[in-house]
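Worksheet: the structure to be examined is printed underneath.
The values are calculated or read from the model by the stated rules, or taken from the named source; none is laboratory data. Everything quoted here is computed from the prediction, not taken from an experiment. Don't worry about glycine lacking a Cβ; one is built from the backbone with ideal geometry, like all the others, and counts go over all protein chains shown. All accessible areas refer to the heavy atoms of the entire protein, side chains included, with ligands and DNA or RNA removed. Shrake-Rupley method; radii C 1.70, N 1.55, O 1.52, S 1.80 Å.
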Amino acid sequence: MVRRRPGGPRALVLAVALAACGGARPIADDRAPGEERRRQLAAHLLEEPDDVRARLALAAEEELAGHPAAALEALEAAERARRPLGPGLGREDRRRLGRLLLARGLARVRRGAASSVEDLRRAARLGETVPALALRDADAAAALVELRHSDRRRRERGLQALARLAGAPGALPAWRGARASATAEELLALGRWLWASGAPLAAYEQLTRWRARPPAPALDRAHDPGHQLYLEARAWWAPSWRGDAPPPPAEELLGPRRCATIPPASAERWGCAPRDVVTGGLTSTETELDLLRTPSVPAEDARDAAAWTVMVIRGYLEGEIDDVGAELTARVAPSVVGAPERRAELPLHVRATLLRLHGDAEGAARARAQASASPPATPAGQLALTYELALATPDGGAPPRWLASAPDAPAVRRLRAVFAAPGAGDGSGGADLGRSPSAPAAQLLAAPAASAVAVAAAGAGARRERVEALREIAVAWRLDVAVARRRARDYLAGSDDAAEGWAQLGALYALLDAPQEARSAWQAAVDGSPEASFVRGLAGALIGAGDPDAAWLELVRAAAAGGEPSKVFVEGARALARAGAPLHALRAGKAGLELATPATAQAALDVARIAAAAGGRTAEVDALTRLGARPPRGEAEPGAAALALRAAADAEPASCALALAAAADEAEPSAIARLARAARWNPASVEVRAALLARAAAGDPRRWQAALELRALADGGRTEHALEAAAALWRAAR
């Protein structure tokens, strides 16, 4: 005879029956404060996790305490436990569950999550009044998630869902383009909306459908914005610009965006040679930017060399290019400045720059003096000359008169900022962090660092109290990890959406150099709501935790769902290379190169070369170099002396890479001056400011100026610069 254990299923049914009849003993003291009751209920559930009555009581207490995520977790656990036993939740518990699901669904709608649809529909089934516009926006967000995917069948499902929404009240007119009966104008509107919404492949497909329609009789393709967008989308998907796909038909190669699709060998034929494209304005045109984003062969013609110089300098001042020297070295052949008769063909305002980059300091000085005596007539030429003159003067010198009266433009603003930067005249830097520079570094940096990591983790648009709660977690992490974890649990409980709270904690833990905690948090975020941005965060956390195999799988998943696969792979390759996983980085770099767009092609080549070199793949390094990959700036050739590297950094002081490479093996005074000068020229460079912060003495004002600028970059929200700046501040405060 088998004896039954006390308890078991019969005891569970009896306990539930007693609870339903009101005959069970109290679980928590009703006279205790709310926090104490929650503690008693949580302790009881540790002993009896199947007690549904306790979970429902805990949900009520958590909602009263302003902890919606914790209340929702308790309610859903209670609902799962009651479902096998028969009766569902009571009326009041159903209303509470509906309220919490509605709040979570609305939060997910705001960030465009597909999981918002189920939350809002469940809330409606539970009796909540869900706004019709919120349901429509949730369905549209789910359709857009499908349309961003690389899988064709999922994009088709998204298009069908958008077609069903096209007739709903308040629907966007662009959605009508998803219907089978869409007109050419509606297809074009849909393509524009998809392109602006981060679904470039779906946009290209719809623009291709639009292009297949007979053109309107009066259509001027050279000036039609729709046709120009089609050419841009075609360059994004069909890389004819690198010779991997046939170029568009001749009748389509019209207008300013034609150069986005033209390979370098055919550039002159279609009017896309640099000398044909360059303008004399203060702002780069779309055609010039297309050329700057597309790999090219080195120019042998002096006119093309001059055009490249103007376009590259202006693009650098506009933030489109990171390194003038690297670009011009790749785009201008040495033969252009190799012989005196060839140099004479170059305009004076670009001759100085090219001579300086090719090591002729005396010739560059003479060209600068001659150009200053007879300034160029075009504003673009004046920009190039001013850039060169400012580089040649350690303190930037006095700004030229034309700069003060020049029309407002991004390049002009950056030059003005260089001349007006703190310490531009004496190299001493500017303000401190609001206290005496003689105070200990940790004391000065701790509060700004904690604030910066909180802002970067919370993201743009976060409520002030939520940012402050993250800041308190960061402060506690420095003092007592157990206290920080308790505050993190409270932060998570107070989130409208636990998935978003986990994502913010994951970003915070990554900034606090807690890789395992970051991995767990990002995994919980993905489990709660599998959004592309959360999957990318999980991939980064896995890289930080030293698991490149798992990170690769998540990178593939994020690339497939995010709409910009090449960008995801390039960012992942950089992170894998920094983490010491060169073969995984090479794999990601090759994937980014295979799917490259004009905007990511050079970055994919460069990071793949770095990974191949780190992994000892010499043959692949050579192959990538032949394809146009560039070695890292400052990478010394075998047997090269540090003196040569410093000379190169002196010749181009605006280069962050050269400044960092030269300063790494240089005495403190000159290294700090070099880094401070590079920081003045590059307002978004986190790496230079982090190096300056690490090397400058505690009382050096340039140290505090770098900290202030890192704080400003970190306050920009959860962008790449913001996260890197917050991490740099945190490392300096440790």
Fill in: Among the residues listed as A203, A235, A212, the single one being under 27 Å from R157 (Cα atoms), without any contact (Cβ under 8 Å) to a residue 12 or more places away in the chain and either in contact with a helix residue (DSSP H, G or I) (Cβ under 9 Å, 6 or more places away or on another chain) or open to solvent by 60 Å² or more (accessible area, probe 1.4 Å) (or both)
A212
Worksheet item: Picking from A659, A690, which residue would you name as being surrounded by fewer than 24 Cβ atoms within 10 Å (Cβ to Cβ), in contact (Cβ under 8 Å) with a residue 24 or more places away in the chain and in a helix (DSSP H, G or I)?
Response: A690
Discussion item. Let me spell it out: the conditions are (1) in contact (Cβ under 8 Å) with a residue 40 or more places away in the chain; (2) open to solvent by 20 Å² or more (accessible area, probe 1.4 Å); (3) of a type outside the set (G, A, S), and W241 meets all of them except one. Which number is the exception?
Written reply: (2)
Worksheet item: For the stretch 625-651, which residues satisfy the criterion of being modelled with pLDDT of 85 or more, assigned to a loop (DSSP other than H, G, I, E, B) and either open to solvent by 70 Å² or more (accessible area, probe 1.4 Å) or not aliphatic (A, V, I, L, M) (or both)?
Response: G628, R630
Item to complete: Using the structure shown, decide if A462 is open to solvent by less than 20 Å² (accessible area, probe 1.4 Å) and modelled with pLDDT under 95.
Response: no
Fill in: Tally, over the stretch 697-734, of residues that are open to solvent by 10 Å² or more (accessible area, probe 1.4 Å) and part of a loop (DSSP other than H, G, I, E, B)
9
Worksheet item: For A143, all conditions in the list (1) open to solvent by less than 30 Å² (accessible area, probe 1.4 Å); (2) farther than 25 Å from R192 by Cβ; (3) out of contact with any Ser or Thr (no Cβ under 7 Å at 6 or more places or on another chain); (4) not charged (D, E, K, R) hold save one; what is the number of the exception?
Response: (2)
Worksheet item: Counting only residues that are among the acidic types (D, E) and over 28 Å from the mean Cα position of the chain (by Cα), how many does the stretch 122-155 have?
Response: 1
Discussion item. Could you check the stretch 287-309 and list, in sequence order, the residues that are assigned to a loop (DSSP other than H, G, I, E, B) and either open to solvent by less than 10 Å² (accessible area, probe 1.4 Å) or within 23 Å of A222 (Cα to Cα) (or both)?
Written reply: T294
Worksheet item: open to solvent by less than 20 Å² (accessible area, probe 1.4 Å) and more than 19 Å from A143 (Cβ to Cβ), is that true of L102?
Response: no
Worksheet item: Looking at the stretch 371-389, is at least one residue out of contact with any Cys (no Cβ under 7 Å at 6 or more places or on another chain), part of a helix (DSSP H, G or I), among the acidic types (D, E) and open to solvent by 10 Å² or more (accessible area, probe 1.4 Å)?
Response: no
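To keep it simple, each residue is scored yes or no on (1) surrounded by 14 or more Cβ atoms within 10 Å (Cβ to Cβ); (2) not aliphatic (A, V, I, L, M).
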| position | (1), (2) |
| --- | --- |
| I473 | yes, no |
| D480 | no, yes |
| A484 | yes, no |
| G494 | yes, yes |
| L512 | yes, no |
Discussion item. So, restricting to helices (runs of 4 or more DSSP H) that lie completely within the stretch 78-175, which ones have at least 3 residues that are basic (K, R) and closer than 25 Å to G191 by Cα?
Written reply: 152-165
Practice prompt. Pick out the one residue from E327, E320 that is part of a helix (DSSP H, G or I) and within 25 Å of T283 (Cα to Cα).
Written response: E327
Worksheet, complete the sentence: Flagged in the stretch 320-334 as in contact with a helix residue (DSSP H, G or I) (Cβ under 9 Å, 6 or more places away or on another chain) and open to solvent by 50 Å² or more (accessible area, probe 1.4 Å), in numbering order, are E320, D322, T329
Practice prompt. Can you give me the number of residues within the stretch 401-432 that are modelled with pLDDT under 85, open to solvent by 40 Å² or more (accessible area, probe 1.4 Å) and not in a helix (DSSP H, G or I)?
Written response: 6
Discussion item. Of all residues being open to solvent by 30 Å² or more (accessible area, probe 1.4 Å) and touching a Lys or Arg at 6+ places or on another chain (Cβ under 8 Å) in the stretch 662-687, which is nearest to R633 (Cα to Cα)? Just the residue, please.
Written reply: P683
Discussion item. Of all residues being among the β-branched types (V, I, T) and in contact with a helix residue (DSSP H, G or I) (Cβ under 8 Å, 6 or more places away or on another chain) in the stretch 471-487, which is farthest from E35 (Cα to Cα)? Just the residue, please.
Written reply: V475
Practice prompt. Could you grab me the full set of residues in the stretch 239-261 that are touching a helix residue (DSSP H, G or I) at 6+ places or on another chain (Cβ under 8 Å), within 25 Å of E594 (Cβ to Cβ) and among the aliphatic types (A, V, I, L, M)?
Written response: A260
Worksheet item: Is it true that some residue in the stretch 179-189 is surrounded by fewer than 21 Cβ atoms within 10 Å (Cβ to Cβ) and of a type in the set (V, I, T)?
Response: yes
